Amino acid sequence: MKPCDFDGLSISKIKALVNGATEEEQKKFVDLLYSDSRVACHTLAKQIQKKAIAYAKEKERMAMIFEYEKNASLEGYKFVAGIDEAGRGPLVGPVVAATVILGPDSDWSGIDDSKKLTSEQRAYFYDRIITEALGYGIGVASHEEIDSINILNATKYAMARSIEAMSITPDLLLIDAVKLTDIPTKQISLIKGDSKSASIAAASILAKVTRDRMMVALHEKYPHYGFDQHKGYGTDRHYAAIRTHGLIPEHRKTFFKGFIW
């Protein structure tokens, strides 16, 4: 398309042409749009450039968070799994862990630490992970176990159970800041791993969405506590509900030592 090809076209038609074009085709439209005297065309050109910059940054980020998986593959590891948990901090309910082996041929652009995503984004990636990942497993440690063996050990139990739930046995584990001494599989422990490894990020999403849904179900049973909103964390509303209605069986009793009623 030559610069003169936009002559006589309405802005709506130009937008339709741009929106229907590929990323590479859109880049070729930039000079054409700037050569047009209309402000709307210049705005559209700026939008294309901004989108291209964001795309390049995301491509760079994705290369970075797949670096551990890529290097492991080059070393001969076939099934590299990420492991993460959700629910170490809340006052109620289980801790949930997930193990995920991502498919190497899928585009996982946008995947990130679950805490950096919106609930809608987490739900989108949750559905994709359980349908497109090479394998995944989810493990749970109850509030009773947390009170019995402490939250760290219960977290390790949940992680081990998530590995056991896998249909594929991982040959390398990338774990967010934890070492599983009872698991013989080679492990790499990564501080803030959910931001450094796509596999761990995927596991964080699976674990959080699973646990959040458990908290929504608990809300149906105990609506006065607001579990659907704070997911069991120690918010002012949660503490106020405890002072008014008391503890429920699902509360982690060891988390209330020294609690002022």
Assigned charges on the beta-carbon of Lys, Arg, Asp, Glu; segment 79-219 dipole about Cα centre (debye) = 260 debye
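Arranged by the count of other C-beta atoms within 10 angstrom, fewest first, what order do M64, M215 take? Please report the intermediate quantities before stating the final value.
On the way: M64 13, M215 23.
By the 10 Å Cβ count, ascending: M64, M215.
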Relative contact order (percent, whole number), segment 1-155, Cα cutoff 8 Å, 6+ residue spacing = 18 percent
Which of L134, L174, I151, positive extreme of dipole for segment 113-215 (C-beta unit charges) | L174
Length-normalised contact order for the chain - Cα pairs under 8 Å, 6+ apart - percent = 22 percent
In degrees from 0 to 90, rounded to the nearest 10, what is the angle of the helix 119-132 Cα long axis to the longest principal axis of the chain?
-> 90 degrees
When you count, for each residue, the other Cβ atoms within 10 Å and take the mean per peptide, how do 107-119, 17-29 rank with the highest first?
-> 107-119, 17-29
Degrees between helix 236-245 axis and first principal axis of the chain (Cα, 0 to 90, nearest 10) | 30 degrees
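How do R211, R122, R88 line up, fewest other C-beta atoms within 10 Å first? Write out the running numbers ahead of the final one.
Working: R211 24, R122 20, R88 13.
The most exposed by this proxy come first: R88, R122, R211.
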What are the ³J(HN,Hα) values, in whole Hz, obtained from phi via the Karplus relation 6.51 cos²θ - 1.76 cosθ + 1.60 with θ = phi - 60°, for each residue of segment 182-192 in sequence order, with x given for Gly and Pro?
-> 8, 9, x, 5, 4, 10, 10, 8, 10, 5, 6
Going down the list K57/K78; K15/K51; K15/K116; K196/K231; K27/K50; K59/K186, which pairs span over 20 Å between their C-alpha atoms?
-> K57/K78; K15/K116; K196/K231; K59/K186
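Taking the beta-carbon count within 10 Å as an exposure proxy, list V216, V30, V96, V209 from fewest neighbours to most.
Least crowded to most crowded, the residues run V216, V30, V209, V96.
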Dipole of segment 1-153, positive direction: furthest Cα of F125, S114, Y34, with charges on the beta-carbon = Y34
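Suppose every K and R has +1 on its Cβ and every D and E has -1 on its Cβ; what is the size of the dipole of the chain about the Cα centre, in Debye to the nearest 20? Could you put the intermediate results ahead of the total?
Working: 35 positive and 34 negative charges, 149 e Å.
Dipole of the chain, to the nearest 20 debye: 720 debye.
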Evaluate the charge dipole of segment 148-222 about its Cα centre and quote only its size in Debye, nearest 20, assuming +1 on the Cβ of each Lys and Arg and -1 on the Cβ of each Asp and Glu.
-> 140 debye
Phi-derived 3J(HN,Hα) across segment 13-26 with the Karplus relation (6.51, -1.76, 1.60, θ = phi - 60°), rounded Hz, x for Gly and Pro, is 6, 5, 4, 5, 5, 5, 5, x, 8, 6, 4, 5, 5, 4
Using r as the Cβ-Cβ distance of K13 and K59, and R0 as 51 Å, what FRET efficiency do you calculate, to the nearest 0.05?
-> 0.95
Among A63, A52, P104, pick out the residue whose Cα is farthest towards the positive end of the charge dipole of segment 50-111, where Lys and Arg carry +1 and Asp and Glu carry -1 on C-beta, about the Cα centre.
-> A52
Diffusion coefficient in µm²/s returned for the chain by Stokes-Einstein, Kirkwood Rh over C-alpha pairs, 10 °C and 1.306 mPa s, is 75 µm²/s
Rounded to 10°, Cα long-axis angle of helix 39-65 versus longest principal axis of the chain | 40 degrees
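No lab work stands behind these numbers, since they all come straight from the coordinates. Note that the coordinates shown come from a computational prediction; the quantities given were computed from them, not determined experimentally. Positions of Cβ are backbone-derived with ideal geometry, glycine not excepted, and every protein chain shown enters the neighbour counts.
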